[in-house]
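Heads up: the structure comes next, in structure tokens.
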């Protein structure tokens, strides 16, 4: 592996070609598996790598000096090293082999004494960490793994369904055992299990089995005063807004009346802000009607919709979105069709991943920040329209596969829908031929 070659070569430069010490010790091979293959593992983080190896080396050299019997010294060194690593939260499995190497490594290592801790253990570890940082940055993977963000204050109150971030943190503290899985991945697995368990418990129950049939509704042209009267008289908090054909076009709630209307002694009236929005949206003067304040983006369900599908999906977290992007673009770079195209087009993968993360946070989480032009960026690529037409389906297939591996069906479907819309928009812009369109008109 090239990264171990770099570590060994750098150690030779530091020690000189005639040093009797080994340029690489065997445990570094196991360390390289962690930091290069599973960089998100808690066991692969920099403190685990450096701290674990140094602690194990110190314990091993001390045991070799104090205990004459090599077998007993090796057993003590390994056991004590594990205990100290657990206490310092720097557990690193290959470090157990470092402790054994310090005891059983032969006369050269024994003669080196505590110098073995610095060279080659610490030197190898630092060089391997530098290679891991560079490699993972080149691959666009976050390393070191980001620490989980503190739960926002709003989460301290009751939640409608399931556990909170604070619940998960408390459970991990109570469990008090090391788990070789990142907190973000663990949370995603538990969320998926939660949704599936709810679907199993509810079985074949549909909306038709539980819905209220004598629904009180208002028409878009009804006045806000009428809506307020209905809410008060029926002791309800929301009214569907329906047309004469019973088609739901919106919903008006107590919050709409409080936030979007001005109040005086005569009751609610349209606020100045809503008047301006109404003029722009409906191109007419406001009349104080429900349609001027109603919420229009309403999700509806059919009679045969299972009630499990009504469970509100857990909000997509920024860290989970970034982990999804890292996993997806790992697949893209390894794909025989997409990989060469992306590698030719992108010179700086870490910078590109930051741009992609900002873009998808804007698209999926509605967080401001992205100011680029995706269509212009794709038009600048040296690809023919036929190439784009061939590559877009493969890109979407990998996106669907990754989203459904990592998220609940609701979140995965939402991400897939956004990706499909983006792909269709880009295809329309990239494959449209103005000259051909002009000829067709003539």
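The values are calculated or read from the model by the stated rules, or taken from the named source; none is laboratory data. In this text, all values refer to a predicted model and were calculated from it rather than measured experimentally. When we count neighbours, we look across all protein chains shown, and the Cβ atoms used for this are built from the backbone with ideal geometry, even at glycine.
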Item checked: Residues located in the range 1-30, provided they are closer than 16 Å to residue 117 by Cα and at pLDDT 85 or above -> 25, 26, 27, 28
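Answer yes or no as to whether residue 428 is surrounded by fewer than 12 Cβ atoms within 10 Å (Cβ to Cβ), over 30 Å from residue 187 (Cα atoms) and not assigned by TED's automatic domain parsing to the domain that holds residue 193.
Details: surrounded by fewer than 12 Cβ atoms within 10 Å (Cβ to Cβ): yes; over 30 Å from residue 187 (Cα atoms): yes; not assigned by TED's automatic domain parsing to the domain that holds residue 193: yes.
Taking the combined requirement at face value, the residue satisfies it.
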Next item on the list: Give me the pairs, please: first residue somewhere in the range 394-421 and in the same structural domain as residue 330 (by TED's automatic domain parsing), second residue anywhere and surrounded by fewer than 16 Cβ atoms within 10 Å (Cβ to Cβ) and outside any helix (DSSP H, G or I), beta-carbon distance under 7 Å, and either six or more positions apart or on two chains.
Entry: 394/337
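Quick one: would you say residue 364 is loosely packed, with under 13 Cβ neighbours inside 10 Å and at pLDDT below 90? Quick ask: steps written out before the conclusion?
Values: loosely packed, with under 13 Cβ neighbours inside 10 Å: no; at pLDDT below 90: yes.
No; evaluated as a whole, the condition is false for this residue.
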Next item on the list: Identify, from the list 70, 81, the residue that is without any contact (Cβ under 8 Å) to a residue 60 or more places away in the chain, in contact with a helix residue (DSSP H, G or I) (Cβ under 7 Å, 6 or more places away or on another chain), surrounded by 21 or more Cβ atoms within 10 Å (Cβ to Cβ) and more than 30 Å from residue 326 (Cα to Cα).
Entry: 81
Check: What's the number of the condition residue 314 fails, among (1) over 30 Å from residue 141 (Cα atoms); (2) modelled with pLDDT of 60 or more; (3) part of a loop (DSSP other than H, G, I, E, B)?
Finding: (1)
Notebook entry, point to check: If you check every pair at least six apart or on different chains, which have Cβ atoms under 6 Å apart with a residue in the range 327-343 that is part of a loop (DSSP other than H, G, I, E, B) first and a residue that is surrounded by 13 or more Cβ atoms within 10 Å (Cβ to Cβ) second?
Noted result: 337/394
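Return yes when residue 154 is at pLDDT below 75, assigned to a helix (DSSP H, G or I) and farther than 30 Å from residue 64 by Cβ and no when it is not.
Numbers: at pLDDT below 75: yes; assigned to a helix (DSSP H, G or I): yes; farther than 30 Å from residue 64 by Cβ: yes.
Taking the combined requirement at face value, the residue satisfies it.
Here's a check for you: in the range 102-140, which residue that is part of a loop (DSSP other than H, G, I, E, B) and modelled with pLDDT of 90 or more is surrounded by the fewest Cβ atoms within 10 Å (Cβ to Cβ)? Show your work before the answer.
Going through the range 102-140, the residues part of a loop (DSSP other than H, G, I, E, B) turn out to be 105-106, 113-114, 139-140.
When the remaining residues are screened for being modelled with pLDDT of 90 or more, the result is 105-106, 113-114.
Details: 105: 20, 106: 9, 113: 12, 114: 12.
Top of the filtered list is 106.
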Notebook entry, point to check: residue 371 versus (1) part of a helix (DSSP H, G or I); (2) modelled with pLDDT under 90: which is the lone unmet condition?
Noted result: (1)
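If we keep just the residues of the range 297-310 that are part of a loop (DSSP other than H, G, I, E, B) and in contact with a helix residue (DSSP H, G or I) (Cβ under 6 Å, 6 or more places away or on another chain), which is modelled with the highest pLDDT? If you could, list the steps in order and put the result at the bottom.
Kept after step one, since they are part of a loop (DSSP other than H, G, I, E, B), are these residues of the range 297-310: 297-305.
From the residues that got through so far, the ones that are in contact with a helix residue (DSSP H, G or I) (Cβ under 6 Å, 6 or more places away or on another chain) too are 301, 303, 305.
Values: 301: 84, 303: 87, 305: 84.
Per the stated criteria, the residue is 303.
Taking the stated definitions as given, is residue 293 at pLDDT 75 or above, under 23 Å from residue 257 (Cβ atoms) and in contact with a helix residue (DSSP H, G or I) (Cβ under 6 Å, 6 or more places away or on another chain)?
Judged against the criteria, residue 293 is a match.
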Next item on the list: Residues being surrounded by fewer than 24 Cβ atoms within 10 Å (Cβ to Cβ) and under 20 Å from the mean Cα position of the chain (by Cα): count how many of those fall in the range 28-42.
Entry: 7
